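Undergrad: Just dropping this structure here.
Since every read-out is calculated from the coordinates, none of them should be taken as a lab result. Predicted, not measured: the structure shown is a model, and the values here were computed from it. No Cβ is skipped: glycine too gets one built from the backbone with ideal geometry, and neighbour counts run over all protein chains shown.
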Amino acid sequence: MPAQKPAKPGNVRIVCGLGNPDAEYARTRHNAGFATIDALAARRGVRYWKSEAGAQVASITVTGADGEKREVLLAKPMSYMNTSGGPLSKLARAHHVRPEEILVVHDEVDLAAGEVKLKLGGGLNAHNGLRSIADKLGSRDFARVQFGIGRPPGRMQVADYVLRELKGTFLEDFELTVERAADLVESLL
């Protein structure tokens with residue numbers, strides 16, 4: 001069976017942000033996806049989140065280019081990054097959402113800090129969260145908003161870099177990128 005085309009503007013039904021659920025990770029590069037989902041929820045006036053399929057989920061209504069209104073789920077898997085595919089795949093099955101109708105927001109070390117980029121399907125770039133999602137969905141045909149965090153300085157390990165708490169101008173720059181990522185997601189919806 002040929003692969004489906006990944007999500008395009010107008011047919012995204014789940015926007016899933018990747019991160020880690022514990023408070024100690026809230027202000028880290030690895031939580032770029034959660035931060036973007038939170039920004040989208042704030043923009044849309046979301047007041048109610050529910051726990052469903054191992055994720056925190058909120059529903060928003062978007063109006064497509066054709067003027068039709070539709071429901072889109074915002075999701076934050078409450079497992080850790082490396083196992084985020086389990087909750088997302090359960091949520092997708094429960095709502096009859098195909099992989100090509102999913103948009104995943106994630107941190108990306110191979111993109112300069114501050115850049116955001118849309119990627120349709122393709123490779124996983126050694127990202128364990130994406131690998132988990134592809135494994136559980138049985139497909140790589142989901143779209144991604146890559147949130148550029150850049151490479152760690154010097155000989156710092158990637159894990160230390162992505163999980164280090166952001167402060168000062170690093171946090172300010174991160175928060176500006178969150179808004180750019182949220183802008184990109186909104187333009188796709």
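Undergrad: Name all residues of the range 149-189 having a backbone nitrogen under 17 Å from the label point set 7 Å from the Cα of ASN128 along its Cα→Cβ direction, giving them as ranges.
TA: Answer for this model: 152, 157-165.
Undergrad: Which one, (i) 46; (ii) 40; (iii) 54, gives percent of Cα pairs over 22 Å apart as derived from the coordinates shown?
TA: Comparing each candidate, only (ii) matches the computed number.
Undergrad: Search the structure for amide H atoms under 5 Å from the amide H of VAL105, placed 1.01 Å from N in the peptide plane, and list their residues when 5 or more places away or on another chain.
TA: Answer set, sorted by chain and number: CYS16, GLY17, LEU18, VAL145.
Undergrad: Mind jotting down the distance between the C-alpha centroids of the range 154-174 and the range 19-97, whole Å?
TA: 23
Undergrad: Just give me a number: lysine pairs in the chain, eight or more positions apart or cross-chain, with C-alpha atoms less than 15 Å apart.
TA: Within the chain, the lysine pair count is 7.
Undergrad: Related question: Mind ordering 173-182, 146-155, 47-56, 33-42 by average Cβ neighbours within 10 Å, highest first?
TA: 33-42, 173-182, 146-155, 47-56
Undergrad: Here's a follow-up. Using each residue's phi in the range 51-61, evaluate 6.51 cos²θ - 1.76 cosθ + 1.60 at θ = phi - 60° and report the 3J(HN,Hα) Karplus result to the nearest Hz, with x for Gly and Pro.
TA: In residue order, the calculated couplings are 8, 8, 6, x, 9, 8, 10, 10, 10, 10, 10 Hz.
Undergrad: Ok, one more. Return the long-range amide H neighbours of PHE142 (sequence gap of 5 or more, or a different chain), with a cut-off of under 5 Å between placed amide H atoms.
TA: For PHE142, whose amide H was placed from the backbone, the distant partners under 5 Å are GLY121.
Undergrad: Can you give the extra length, in nm with one decimal, that the chain gains between GLU52 and GLU68 once fully stretched, where that is 0.36 nm per residue apart less the Cα-Cα distance?
TA: Extra length available between GLU52 and GLU68 comes to 3.1 nm.
Undergrad: Can you compute the modelled spin-label distance between GLU115 and ARG43, with each label point 7 Å from Cα toward Cβ, in nm?
TA: 2.1
Undergrad: Still on this structure, please answer the following. Could you run the Karplus curve 6.51 cos²θ - 1.76 cosθ + 1.60 with θ = phi - 60° over the range 17-22 and give me ³J(HN,Hα) per residue in whole Hz, x for Gly and Pro?
TA: Calculated HN-Hα couplings, in order: x, 9, x, 10, x, 6 Hz.
Undergrad: Tabulate in residue order the Karplus-calculated ³J(HN,Hα) for the range 133-144, using 6.51 cos²θ - 1.76 cosθ + 1.60 with θ = phi - 60°, rounded to whole Hz; enter x for Gly and Pro.
TA: Working through the residues one at a time gives 5, 4, 5, 6, 7, x, 7, 9, 7, 10, 7, 9 Hz.
Undergrad: Considering only DSSP beta bridges with both partners in the chain, what is the antiparallel share in %, to the nearest 5?
TA: Bridges in the chain that DSSP calls antiparallel: roughly 60 percent.
Undergrad: Sequence gap at least 6, Cα distance under 8 Å: using those rules, report the relative contact order of the chain to the nearest whole percent.
TA: 30
Undergrad: Sequence-distant or interchain residues sharing an amide H contact under 5 Å with ARG164, placed H: which?
TA: ARG29
Undergrad: Next question, about the same structure. Could you sort the peptides 107-120, 131-144, 63-76 by per-residue average Cβ neighbour count (10 Å cutoff), highest mean leading?
TA: Most protected by this proxy first, the peptides run 131-144, 107-120, 63-76.
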